[in-house]
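Participant: Please find one structure pasted underneath; my questions will follow.
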């Protein structure tokens, strides 16, 4: 059960990547990967960030850890602004905040054994005396479902699911409080995904961890999340607790994403909400609501006025003009840009 205390507060975070050109290499424009977003993460909860590829969710996670330097914004971890820390102070603070990458093999040194990989992290953060680390690493391997005798093997000797367990063990080796799981299960088989998700939930209960879970698979998100942030083109479209979001989505983009979730029973048919066209370029995002170019419920106001993220009720925030006066009844709204797939 999540505590009522925010362990992380992100305020007005921006991550703009410069585009240079010309003989002098001057900045000509920016890729607005993350564009002025704010949210809280509470101690002991799992906050998922979802959206299509290119929406800025992974960049958000990396900006929080300053793996890429944020352009603007405040990142308060336990009240301390991460964005203002010196490199030395940031290195010490990273002990409390770790990340699990999508492809663990690319984040491992193939010439190092599992013992060397985990010992290196512990040495950098000065975790335990040197002569006590091997026993701790064996304990961590067993904690994530591997065997203690695997400690002297190399990364190529393991399957993808086992390597992801090793990545989790490495993140846990420095006793973190916050884990950012960046597409941590998306490259795994479905059965292995379920095992890793259950492992993450077990570790959260036992160690009191807080997760930011970045994913595009809403089925996985539904299983692990407490709250969900939906991003589109670098901005937040909707924030809600898991149950509210899946039962009563209020942003048209969220509604469209949920309508695309496959149903295993062929006898059950779900009404699809089609999205026409491609995601706009983050270099030149559209005016007004960033989703208006694909929204099946677009109004004239959407094309010129950016909707603020406002509180719909205690558990739900939405950035949509349709929902500014209360919950939206989508069944009564007429679809625009109707295609045969919507029938």
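Participant: Under the √(5λ) rule applied to the eigenvalues of the Cα gyration tensor, what semi-axes describe the equivalent ellipsoid of the chain? Give them in Å, descending.
Facilitator: One finds semi-axes of 37, 24, 19 Å for the chain.
Participant: Kirkwood-based Rg over Rh for the range 206-249 (C-alpha set), two decimals?
Facilitator: 0.99
Participant: Return one number: the angle in degrees, 0 to 90 and rounded to the nearest 10, between the long axis of the Cα atoms of helix 133-143 and the longest principal axis of the Cα atoms of the chain.
Facilitator: 50
Participant: Compute the orientation-averaged projected area for the range 146-185 from the convex hull of its Cα atoms and round it to one decimal in nm².
Facilitator: Answer in nm², one decimal: 3.3.
Participant: Can you classify the range 258-321 as rounded, prolate or oblate using the Cα gyration tensor, where a ≥ b ≥ c are the square roots of its eigenvalues, rounded means a/c under 1.5, and otherwise it's prolate if a/b beats b/c and oblate if not?
Facilitator: oblate
Participant: Once you order the gyration tensor axes a ≥ b ≥ c over the Cα atoms, which shape class does the range 179-229 get: rounded for a/c under 1.5, otherwise prolate or oblate by comparing a/b with b/c?
Facilitator: Judged from the Cα gyration tensor, the range 179-229 comes out oblate (a/c at least 1.5, b/c at or above a/b).
Participant: Let me ask you something else. May I ask for the angle, rounded to the nearest 10°, between helix 114-124 and the longest principal axis of the chain, with both axes built from Cα atoms and the value confined to 0 to 90°?
Facilitator: Around 80 degrees separate the two axes.
Participant: Follow-up. Taking every pair of Cα atoms in the range 229-269, average 1/r, invert it to obtain the Kirkwood radius, and report Rg/Rh to two decimals.
Facilitator: Here the Rg-to-Rh quotient is 1.04.
Participant: For the chain, give me the percentage of DSSP beta bridges that are antiparallel, rounded to the nearest 5 percent.
Facilitator: Around 65 percent antiparallel, to the nearest 5.
Participant: Using Cα springs under 10 Å in a Gaussian network model of the chain, which residue among 323, 237, 123 shows the largest mean-square fluctuation?
Facilitator: Residue with maximal mean-square fluctuation among 323, 237, 123: 123.
Participant: While we're on this one: Could you tell me the relative contact order of the chain? Use alpha-carbon pairs under 8 Å, at least six residues apart, and round to a whole percent.
Facilitator: The normalised contact order for the chain reaches 18 percent.
Participant: For a quick check, take a GNM of the chain with Cα springs below 10 Å and name the residue from 226, 152, 103 with the largest mean-square fluctuation.
Facilitator: Maximum fluctuation in the GNM of the chain, among the listed residues, is at 152.
Participant: Here is a follow-up. Hey, what did the range 33-177 get for relative contact order, percent, Cα under 8 Å, at least 6 apart?
Facilitator: Dividing the mean separation by the residue count of the range 33-177 yields 22 percent.
Participant: Computed on alpha carbon atoms, what radius of gyration and Dmax characterise the range 1-160, expressed in Å?
Facilitator: Just the Cα atoms of the range 1-160 yield Rg and Dmax of 19.1, 57 Å.
Participant: Shifting gears a bit: Just the number, please: Stokes-Einstein D of the range 88-171 in µm²/s, Kirkwood Rh from C-alpha pairs, 20 °C, 1.002 mPa s.
Facilitator: The calculation lands on 164 µm²/s.
Participant: When only Cα pairs under 8 Å and 6 or more residues apart are kept, what is the percent relative contact order across the range 228-343?
Facilitator: Once divided by the residue count of the range 228-343, the mean separation gives 28 percent.
Participant: Please report, in cubic angstrom per residue, the volume enclosed by the convex hull of the alpha-carbon atoms of the range 1-44.
Facilitator: Residue-normalised Cα hull volume stands at 71 Å³.
Participant: Now, a different point. Which percent of Cα-Cα pairs in the range 112-258 sits in each 5 Å bin, short to long?
Facilitator: 2, 9, 18, 18, 17, 13, 9, 7, 5, 2, 0, 0
Participant: Same structure, new question: Hey, what number do you get for the chain at 222 nm if only DSSP H runs of n ≥ 4 count, each worth -39500 (n - 2.57), divided across all residues, to the nearest 500?
Facilitator: For the chain, the value works out to -7500 deg cm²/dmol.
Participant: If you don't mind, there's one more thing I want to ask. So if I take the alpha carbon set of the range 177-312, get Rg, then get Rh from the Kirkwood formula, what is the Rg over Rh ratio?
Facilitator: Here Rg/Rh amounts to 1.00.
Participant: Continuing with this model, one more query. Note the full-extension length gain between residue 268 and residue 95 as 0.36 nm times their separation in residues minus their Cα-Cα distance, in nm to one decimal.
Facilitator: My answer for the length gained is 57.5 nm.
Participant: Among 291-302, 307-318, how do they line up by average Cβ neighbours within 10 Å per residue, starting with the highest?
Facilitator: 291-302, 307-318
Participant: Work the Kirkwood hydrodynamic radius out for the range 25-77: mean of 1/r over every pair of different alpha-carbon atoms, inverted, in Å.
Facilitator: It is 12.9 Å.
Participant: If R0 is 41 Å, what FRET efficiency do you get for residue 156 and residue 325 from their C-beta distance, rounded to 0.05?
Facilitator: That gives a FRET efficiency of 0.10.
Participant: For the range 164-220 and the range 42-59, write down the distance between their C-alpha centroids in whole Å.
Facilitator: 13
Participant: Please compute the Cα-Cα pair-distance distribution of the range 51-113 with 5 Å bins starting at 0, giving whole percents from short to long.
Facilitator: P(r) over the range 51-113, rounded to whole percents: 4, 14, 23, 21, 17, 13, 6, 2.
Participant: OK, next. Can you tell me which of 131, 109, 29 moves the most in a GNM of the chain? Springs connect C-alpha atoms under 10 Å apart.
Facilitator: Answer for the Gaussian network model of the chain: 131.
Read-outs throughout are calculated quantities, based only on the coordinates presented, and are distinct from any laboratory measurement. Source: prediction; values computed, not measured. We place every Cβ from the backbone using ideal geometry, glycine too, and count neighbours over all the protein chains shown.
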